[in-house]
């Protein structure tokens, strides 16, 4: 009866338990196809393709930051060594022992070259001139600090150690002064139309005021520099 109706238990299929266990451990896969593994491979491949782009972006960011640091180091902020009320010195160089600063209207390198050529011209002029039977003058560089400033700065009291501007400050294009720590200062207007004449006349005045010459030759030096200031050479 009932025993005859029951199907006899068939023999167990080899590997069936292994496949079932694999299905439990990794749903959606079988021993042959493993679509789940393919999905993971596809997802892993997408991430792999992103890695080179992320590396490139990181390199660009790092390179840009490094370039910004280099620019900052190569262009330090200018700091003036001179303080004159109402004057903003924005550019400057040190040429040998000469400090040159300007308000930006004149390039400091250009001003330094103009000063040097004018000093050389004055020395050549002195060698070509014989004083009253005395030896020729050996003219040293009389200026420590050379400044190009607006015209009205020549009348600014803070430009002078004793706060006393010269009486001709409103009409002259140059002025000499004693600066900090006893430095010899020559100021010229930063107007290009007047610059050459201002440097020439200002240098002649600086030589008269700052050159260490014997008293007996002072008048001779004053006459020599006055002629040079008026000369066209």
query = Looking at residue 208, is it part of a helix (DSSP H, G or I), surrounded by 16 or more Cβ atoms within 10 Å (Cβ to Cβ) and either out of contact with any helix residue (DSSP H, G or I) (no Cβ under 9 Å at 6 or more places or on another chain) or free of Cβ contacts under 8 Å to residues at least 24 places away in the same chain (or both)?
reply = yes
ask   = Given the structure, is residue 222 surrounded by fewer than 21 Cβ atoms within 10 Å (Cβ to Cβ) and either touching a helix residue (DSSP H, G or I) at 6+ places or on another chain (Cβ under 6 Å) or in contact (Cβ under 8 Å) with a residue 40 or more places away in the chain (or both)?
value = yes
inquiry  = Please go through the stretch 158-168 and give me each residue that is surrounded by 13 or more Cβ atoms within 10 Å (Cβ to Cβ), under 18 Å from residue 83 (Cα atoms) and in contact with a strand residue (DSSP E or B) (Cβ under 9 Å, 6 or more places away or on another chain), ordered by number.
reply    = 159, 160, 161, 165
key: Unique match (being in contact with a helix residue (DSSP H, G or I) (Cβ under 7 Å, 6 or more places away or on another chain), modelled with pLDDT under 95 and either surrounded by 13 or more Cβ atoms within 10 Å (Cβ to Cβ) or within 18 Å of residue 86 (Cα to Cα) (or both)) among 125, 115   = 125
key: Where residue 70 falls short, out of the listed (1) modelled with pLDDT of 95 or more; (2) part of a helix (DSSP H, G or I)   = (1)
request  = With the checklist (1) over 24 Å from residue 91 (Cβ atoms); (2) in contact with a strand residue (DSSP E or B) (Cβ under 7 Å, 6 or more places away or on another chain); (3) in contact (Cβ under 8 Å) with a residue 24 or more places away in the chain; (4) in a loop (DSSP other than H, G, I, E, B) in hand, flag the one item residue 143 doesn't pass.
outcome  = (1)
Residue list for the stretch 146-171, filter: under 26 Å from residue 113 (Cα atoms), in contact (Cβ under 8 Å) with a residue 24 or more places away in the chain and assigned to a loop (DSSP other than H, G, I, E, B) = 150
Failed condition for residue 120, given (1) crowded, with 19+ Cβ neighbours inside 10 Å; (2) under 33 Å from the mean Cα position of the chain (by Cα); (3) closer than 15 Å to residue 228 by Cβ = (1)
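For residue 177, indicate whether it is in contact with a strand residue (DSSP E or B) (Cβ under 6 Å, 6 or more places away or on another chain) and either modelled with pLDDT of 95 or more or surrounded by 15 or more Cβ atoms within 10 Å (Cβ to Cβ) (or both). Spell out the reasoning first.
Working: in contact with a strand residue (DSSP E or B) (Cβ under 6 Å, 6 or more places away or on another chain): yes; either modelled with pLDDT of 95 or more or surrounded by 15 or more Cβ atoms within 10 Å (Cβ to Cβ) (or both): yes.
When the stated conditions are applied, residue 177 passes them.
The values are calculated or read from the model by the stated rules, or taken from the named source; none is laboratory data. Every value quoted in this text rests on a predicted model; they were computed, and no experiment measured them. All Cβ positions, even for glycine, are placed from backbone atoms using ideal geometry, and neighbour counts span all protein chains on display.
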